[in-house]
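Read through the structure below, which is laid out as structure tokens, and then see the notes.
Where a number appears in this text, it was derived from the coordinates with a stated rule and is not lab data. Computed from a predicted structure; not experimentally measured. Cβ sites come from the backbone with ideal geometry, for glycine too, and all protein chains shown count toward neighbours.
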Amino acid sequence: MSLYAPHPPPFGDQPAGLTVLDERARDIFRRIVESYLQSGEPVGSRTLSRAGIALSPASIRNTMQDLTMAGLLASPHTSAGRVPTHAGLRLFVDGLLEVGDIGADERREIDGRLAGRGRSFEDALDEATNLLSGLAGGAGIVASSS
């Protein structure tokens, strides 16, 4: 009989892959992808542990191994940290970047800024790009067919 309760698998009853992650795996995966996108370097368990995650490096490594076996992370070489795979980045973009609802005040500001009369179509697109960028906290791109 083991003194340690096993950690439940991060992927529920479905086969590993692009499925719903448990909270621990989701948090670790999100942190790895965000760190990798910021630095371009493989992310190790010690880096995550020092970044304030409340788990030991060994627990983080176990979850990282689960994510690797699921095809979401890869290790460039034996002693390296992990990097997201193409499938992992797709999961991050599709499911872990959460889009929240905007508040009534923000909605009124957007409506007001886009409703300006006498502005050219290009100016309206520029304003929409600036609004998207501000809401997303990153780059905003707006494309038009005309």
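For a protection proxy built on the mean count of beta-carbon atoms within 10 angstrom, sort 85-92, 71-78, 120-127 highest first, please.
Taking the mean over residues of other Cβ atoms within 10 Å, the ranking is 85-92, 71-78, 120-127.
What ranking do 23-34, 47-58 get when scored by the average of other Cβ atoms within 10 Å per residue, highest first?
On the way: 23-34: 19.3, 47-58: 13.5.
The most tightly packed comes first, giving 23-34, 47-58.
Based only on Cα atoms, what Rg/Rh ratio does segment 23-96 have, Rh being taken as Kirkwood's radius? Intermediate results must be reported in sequence, preceding the final value.
Working: Rg = 10.9 Å, Rh = 11.9 Å.
In segment 23-96, Rg relative to Rh is 0.91.
With 10 angstrom as the radius, rank Ile102, Ile110 by how many other C-beta atoms surround their C-beta, starting from the fewest.
Ascending number of Cβ neighbours within 10 Å: Ile102, Ile110.
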